[in-house]
1. What tally of residues in the range 175-213 results from selecting those that are surrounded by 17 or more Cβ atoms within 10 Å (Cβ to Cβ), free of Cβ contacts under 8 Å to residues at least 60 places away in the same chain and either closer than 19 Å to L254 by Cα or not assigned by TED's automatic domain parsing to the domain that holds F253 (or both)?
2. Regarding the range 305-312, can at least one residue be identified that is over 23 Å from the mean Cα position of the chain (by Cα) and part of a strand (DSSP E or B)?
3. Residue by residue through the range 216-255, note down the ones that are touching a Pro at 6+ places or on another chain (Cβ under 9 Å) and free of Cβ contacts under 8 Å to residues at least 60 places away in the same chain.
4. Filtering the range 37-57 down to residues that are crowded, with 23+ Cβ neighbours inside 10 Å and within 20 Å of the chain's Cα centre (by Cα), which residue is farthest from V85 (Cα to Cα)?
5. Does A109 qualify as being under 27 Å from P229 (Cβ atoms), surrounded by 21 or more Cβ atoms within 10 Å (Cβ to Cβ) and either in contact with a helix residue (DSSP H, G or I) (Cβ under 7 Å, 6 or more places away or on another chain) or not assigned by TED's automatic domain parsing to the domain that holds T5 (or both)?
6. With I339, I292 as the choices, which residue is in a strand (DSSP E or B) and either out of contact with any Gly (no Cβ under 7 Å at 6 or more places or on another chain) or of a type in the set (V, I, T) (or both)?
7. Can you give me the number of residues within the range 267-293 that are farther than 21 Å from T184 by Cβ and small (G, A, S)?
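The values are calculated or read from the model by the stated rules, or taken from the named source; none is laboratory data. Quick caveat: nothing in here was measured; it's all calculated off a predicted structure. Cβ: placed from backbone, ideal geometry, glycine included. Neighbour counts: every protein chain shown.
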Amino acid sequence: MTHGTDAQLKRAQALESEGRVAEAAEILRRAASSGDIAAVAALGKHLLIHRPDLAREAMQAVLAAAGGGHGESNHIVAVFVAEGVGFQQNWQSALGLLQRSAEQGWLPAQRELVLLAGSSPPEAAACGDWKALRERVDVAALLAPPRPRAIPAGPRIFAAEAFARPAMCDWLIELARPWLKSATTYDPATGIQRHESGRTNSDCHLVLPRSDLVLAFLRARIANLVGLPVKFFEVPTMLHYLPSQEFAVHHDFLDDTQPGYAKEVAEGGQRVLTFLLYLNDGFEGGETDFPIAGVRYKGGKGDALFFWNVLPDSTLDRRTLHAGLPPKTGEKWLLSQWIRNRAM
């Protein structure tokens, strides 16, 4: 990378942080026109995150960078293959790309392989034997969920204890931490995101370029637990609560009697199921409360809760009114995965 290209990438990054994404994209295009692999990779990642309408141009850049030996770009392709977005879904191909990314020195891919391999011998990671680590990844075990148990209540509410390994929970927290922002809700009249007093926690949406194979495996495991395909899943959301922060009582379904929600349902389907993965211990309070059903649930680290927002006949189940209660001490982290009744 030349000094001039480096300066362009830093300038683009600064513009992006200011929300000036169009200007950042133009700088990245100019930098990428030189053929510099880092600039090509930066352009592809920027467009994937900020300009999904330019997905073709974005993936062309990512694939070009990956073919040029760029570790992060190979990791991005691995995630897309694992999720089956733009590629035929294939776990072994995705793991092969993850191995390649690790061999090219991309540290997150190296750490990811160690985590996915589970009880791998430490010397394999120490000597950089990424092929050996990849071969120890037990795909079948990662995809097999625990048996859920029904929680007696009017709505269809289920718990799945020990859904995720503690190390995976820690991993997800660190994956999300840099992207947290003040959480918003849908405006029922317009469908536009807005801030409101009843939701004071922070969140982030882990779009594919910020995702990884750990999350891809967990989403596939969720699909096997609830019996709905990953293509019906929304972008996963990480939720973070500090003491006194809450998400007041609300429904997760989209009430299509409201014009903003009606448009959303027509375009993307109804949000029929909510899945929550509890990622940490060490806080007081913070339960998920269903006041109509008379249920409060506080999962331990790695436990999951899921509930259907609709009745078996697909009508809205208003008994699923619930709240994310504030922790009294400590902080609370969850992964929230909303699932529609068709692909968006």
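1. Total satisfying the criteria: 1.
2. Yes: one or more hits.
3. Result: A223, single match.
4. So the residue we want is H46.
5. So A109 fits the description; yes.
6. Just one listed residue meets the conditions, I339.
7. Qualifying residue count, the range 267-293: 3.
Conditions tested, residue by residue: (1) in contact with a Leu (Cβ under 6 Å, 6 or more places away or on another chain); (2) small (G, A, S); (3) modelled with pLDDT under 95.
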site	(1), (2), (3)
L213	yes, no, no
H240	yes, no, no
D255	no, no, yes
E284	no, no, no
R296	no, no, no
F307	no, no, no
